[in-house]
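Accompanying notes for the structure given below.
We did not get these values from a lab; they are worked out from the coordinates using the rules stated. Keep in mind that what you see is a predicted model, and the values were worked out from it rather than measured. Here the Cβ is made from the backbone with ideal geometry for all residues, glycine too, and neighbour counts use every protein chain on show.
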Amino acid sequence: MSLHRRLGGEAGIAALVDDLSARVKVDPIMGPYFRDVDEAALNRHRAMFLSAFLGGPESYTGKTLPEAHHPFRLSDREFDAFLRVMRETLDHSTVSFLDRRRILRSLERLRTDVVSRGVTVGPGAPSFGGPHDSV
Ligand code: HEM
């Protein structure tokens, strides 16, 4: 059985994403980024993306991860906060220990797509030297 099926298919994944979003909203590091975002649309996008990523039947049709995130110039600190919130979400779910570990490892591989390392975003944005740049 695929991981997607073990998580309860689309419905199970949507429930996980709802819980994740509730936790993200009140997280001191992540919360502020989501203040002005249409939550329902974002939940659908994320569920669709996660479902495709975890081997489900849907294919993802939203922005690429770099397109969606580079404007925010996120650092490892924000990405680590995301993994922590995701871990808390999984710890409160019925997902097995092995699957939790698989999911967190898969998400870790997306770090380079989400974190900005010296990219230029829009006119006037510094191309390097921000607090988020790696050495
Ligand atoms: C592996 C980690 C992550 C995944 C899989 C992920 C996934 C996504 C997806 C699929 C979207 C929707 C893109 C679209 O609109 O088409 C999105 C948007 C967004 N993400 Fe993430 N995300 C991750 C990490 C983060 C982190 C660490 C932050 C900030 C702390 C963040 C902040 C945002 C914000 C603010 C948006 C809204 C963009 C907009 O509406 O323009 N994400 N994310």
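General remarks:
- Per-residue extension of 0.36 nm, minus the Cα-Cα distance of Leu104 and Asp36, leaves a gain of 21.8 nm for this segment.
- Which of Phe72, Phe82 has the fewest Cβ neighbours within 10 Å, and the rest in rising order: Phe72, Phe82
- Value at 222 nm in deg cm²/dmol, rounded to 500, when DSSP H runs of n ≥ 4 in the chain each add -39,500 (n - 2.57): -16500 deg cm²/dmol
- Ascending count of other beta-carbon atoms within 10 Å, so fewest first, for His4, His92: His92, His4
- Calculated on the Cα set of the chain, radius of gyration then Dmax: 15.4, 50 Å.
- Listed residues Ala15, Ala52, Ala40, most fluctuating in the chain (Gaussian network, C-alpha, under 10 Å): Ala40
- Considering only Thr64, Thr94, Thr112, the mean-square fluctuation computed in a Gaussian network model of the chain, springs between alpha carbons under 10 angstrom, is largest for Thr94.
- For the stretch 84-91, 3J(HN,Hα) per residue [Karplus equation, 6.51 cos²θ - 1.76 cosθ + 1.60, θ = phi - 60°, Hz, x = Gly/Pro]: 5, 5, 5, 5, 4, 4, 5, 5
- Counting every alpha-carbon pair across the stretch 26-86, the share separated by more than 20 Å comes to 30%.
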